[in-house]
Amino acid sequence: MLYDAHCHLHELDVEELLELKGYVIAAVSDDLESSLRTLDIAEEHRNVVPCVGVHPWSVGEASMSHLRELEKLVERAKCIGEVGLDRRFVPETYSKQLEFFKFFVKLARDYDLPMNIHAPDAWRDVYDILVRYDVERAVIHWYTGPLDLLDEIAEKGYFISINPAAQVQEKHMRVAVQVKLSSMLVESDAPYKYRGLSLTPKLIPKLLSLIAEARRMSLSELTAIVERNFKRLFRSL
Ligand SMILES: [Zn+2]
């Protein structure tokens, strides 16, 4: 089995879903509607860990009643995400993002769920809130933040996930080499497109080989570590 810590499964079509039998996938949502779709997919596919939430890019058009509706879905979910803070792409909604993120942080704590987090240029802000609110389990996805924050993230038992974009994004590859193995996961963020790469879980085997080579370790050892980390974060499969 291969473990994808962050994938927008609700955007894939049925055939693509069926092709992913060899994967265990943490499926994130973007808003209320996609959260419902994600929960439905997870009911039919045992290899899916469903996450519900409102993506920072969707916060601008969402309302507080949206959040109350989402809260009703939490009992069916195994994770909260994709949620977070984004100062890079949508800085104009930052204060509303903060309100939403704190709501989700409390939800994660109240329901004892892990968080699947988006944090471009808000890496430290997210980390500080997780610590302040005593969140126990979280992954910060596609981490390209400061390298000196990586050890603090690991010390708290949080994770970061490495995306196949590491093939072409030098900064991300540096993260893949420096992060403590105990806090590393891998992801696809499918079906996002990045600099000519159509991201899909199927790029994960190549990504794992690339990381193993860069870290001068065996592929089987790395694969086993990623699997163990995934199970620790999501307490599943
Ligand atoms: Zn995403």
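The values are calculated or read from the model by the stated rules, or taken from the named source; none is laboratory data. Here the structure is a predicted model, which is why all the values come from computation and not from measurement. Heads up, the Cβs are rebuilt from the backbone with ideal geometry, glycines too, and the neighbour counts pull from every protein chain shown.
Observations
- The residues of the stretch 181-211 that are within 14 Å of the ligand (Cβ to nearest atom) and loosely packed, with under 15 Cβ neighbours inside 10 Å amount to a single one, Lys193.
- Any hit, the stretch 214-223, residues being within 21 Å of Gly145 (Cα to Cα) and aliphatic (A, V, I, L, M): yes
Quick grid of which residues meet (1) on the phi > 0 side of the Ramachandran plot; (2) buried (at least 20 other Cβ atoms within 10 Å of the Cβ); (3) part of a helix (DSSP H, G or I); (4) hydroxyl-bearing (Ser, Thr, Tyr):
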position: Glu92; (1), (2), (3), (4): no, no, yes, no
position: Lys102; (1), (2), (3), (4): no, no, yes, no
position: Lys106; (1), (2), (3), (4): no, no, yes, no
position: Asp112; (1), (2), (3), (4): yes, no, no, no
position: Asp121; (1), (2), (3), (4): yes, no, no, no
position: Tyr127; (1), (2), (3), (4): no, yes, yes, yes
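- Any hit, the stretch 83-99, residues being under 24 Å from Pro164 (Cα atoms) and in contact with a Ser or Thr (Cβ under 9 Å, 6 or more places away or on another chain): yes
- Beta carbons closer than 6 Å, at least 6 apart along the sequence or on distinct chains, pair a first residue in the stretch 1-20 that is at negative phi with a second that is more than 11 Å from the ligand (Cβ to nearest atom) and of a type in the set (D, E, K, R) for Tyr3/Glu227; His10/Arg37.
- Residue list for the stretch 1-20, restricted to those being within 14 Å of the ligand (Cβ to nearest atom) and assigned to a helix (DSSP H, G or I): Leu9, His10, Glu11
- Scan of the stretch 108-132 for residues that are more than 16 Å from the ligand (Cβ to nearest atom) and more than 15 Å from Val28 (Cβ to Cβ), ordered by number: Arg109, Asp110, Tyr111, Asp112, Arg124, Asp125, Tyr127, Asp128, Ile129, Leu130, Val131, Arg132
- Test for Arg87: is it at pLDDT 95 or above, charged (D, E, K, R) and farther than 23 Å from Leu210 by Cβ: yes
- Each residue in the stretch 21-58 was checked for being assigned to a loop (DSSP other than H, G, I, E, B), away from the ligand (no atom under 16 Å from the Cβ) and out of contact with any strand residue (DSSP E or B) (no Cβ under 7 Å at 6 or more places or on another chain), and 3 of them qualify.
- Within the stretch 129-167, being free of Cβ contacts under 8 Å to residues at least 24 places away in the same chain and part of a loop (DSSP other than H, G, I, E, B) holds for one residue alone: Pro146.
- For the stretch 197-224, a residue qualifies if it is closer than 14 Å to Ala165 by Cβ and either polar (S, T, N, Q) or not in a helix (DSSP H, G or I) (or both), and the qualifying residues are Leu197, Ser198, Leu199, Thr200.
- Filtered residues of the stretch 59-72 (kept if away from the ligand (no atom under 16 Å from the Cβ) and touching a residue at least 40 places away in the same chain (Cβ under 8 Å)): none
- Tabulated pairs, the stretch 173-188, first farther than 15 Å from Ala138 by Cα and part of a helix (DSSP H, G or I), second of a type in the set (Ser, Thr, Tyr) and modelled with pLDDT of 95 or more, C-beta under 7 angstrom, 6+ apart or interchain: Val175/Tyr143; Val175/Thr144
- Those residues of the stretch 159-180 which are within 17 Å of the chain's Cα centre (by Cα) and surrounded by fewer than 24 Cβ atoms within 10 Å (Cβ to Cβ), in sequence order: Ala165, Ala166, His172, Val175, Ala176, Val179
- All told, Gly145 falls short of being over 30 Å from Glu213 (Cβ atoms), crowded, with 16+ Cβ neighbours inside 10 Å, within 16 Å of the ligand (Cβ to nearest atom) and not aliphatic (A, V, I, L, M).
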